[in-house]
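First the structure, in the form of structure tokens, and then the observations on it.
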Amino acid sequence: MDTPVDAAAVQSRWETEAAARRARLLPPGVASPAQAAGLSGLEFFEAIFDGRLPPPPIGETMDFLPIEMTHGRAVFQGTPLLRHYNPLGTVHGGWIATLLDSCVGCAVHTTLAAGRAYTTAELKINYVRAVTQRVPVLRAIGSVIHVGGRMATAEGRLVGPDGKLYAHASTTCFLFDASFDAS
């Protein structure tokens, strides 16, 4: 259910938080296996936030960035732009799906011990309302539901600064031992 809020104040706070986060990030890149080896999922994200590891390039490509990572929770912020539009004049569902996939997958990633990895086995998206450039910024908030030995589940919500829900998702992730070649 949508909750009325002071959208201008929330948008301002979100933009301030994003600017502060962006200022501490390295240029986009991919961490080497040697850099990732020995880090838990949460430690991996802390290294990104501390400027020791680069954030993945997908954020730059899709105009979103990680905002918050805590155990079992991941928040990303995205800016819907004209270049994300589909032929019908709204933001493409793939952009929304990518943002939600990132928040639910990374929520799972934050719970993993060093040497463990995951991959998305299933992603389900429900599109609740259209996204256009009139929505200045969106946040995808992912939360873990369950983490077992081989599978994990999480859910995510895509919300605007006005408190409106634009889409929601659920994921099932396959968990496995990572084999990092640190050479």
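Data table
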read-out	value
Index of the failed condition, E43 passing every other in (1) more than 14 Å from the chain's Cα centre (by Cα); (2) closer than 30 Å to R134 by Cα	(2)
Members of region 76-128 found to be assigned to a strand (DSSP E or B) and not hydrophobic (A, V, I, L, M, F, W, C), listed by number	Q77, G78, Y85, R116, Y118, T119, T120, E122, K124, N126, Y127
Filter pass, P27 being closer than 19 Å to C106 by Cα and either of a type in the set (K, R) or exposed (fewer than 14 other Cβ atoms within 10 Å of the Cβ) (or both)	no
Filter result for S143 (surrounded by 15 or more Cβ atoms within 10 Å (Cβ to Cβ), in a strand (DSSP E or B) and of a type in the set (S, T, N, Q))	yes
Options V128, V137, V108: the member that is of a type in the set (V, I, T), surrounded by 20 or more Cβ atoms within 10 Å (Cβ to Cβ) and in contact (Cβ under 8 Å) with a residue 40 or more places away in the chain	V108
Residue list for region 1-44, restricted to those being touching a residue at least 60 places away in the same chain (Cβ under 8 Å) and in contact with a Pro (Cβ under 7 Å, 6 or more places away or on another chain)	A7, V10, Q11, W14
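Coordinate-derived values only; no laboratory data. Keep in mind the model is a prediction, meaning the values are calculated, not measured. As a convention, Cβ positions derive from the backbone with ideal geometry for all residues, glycine included, and neighbour counts pool all protein chains shown.
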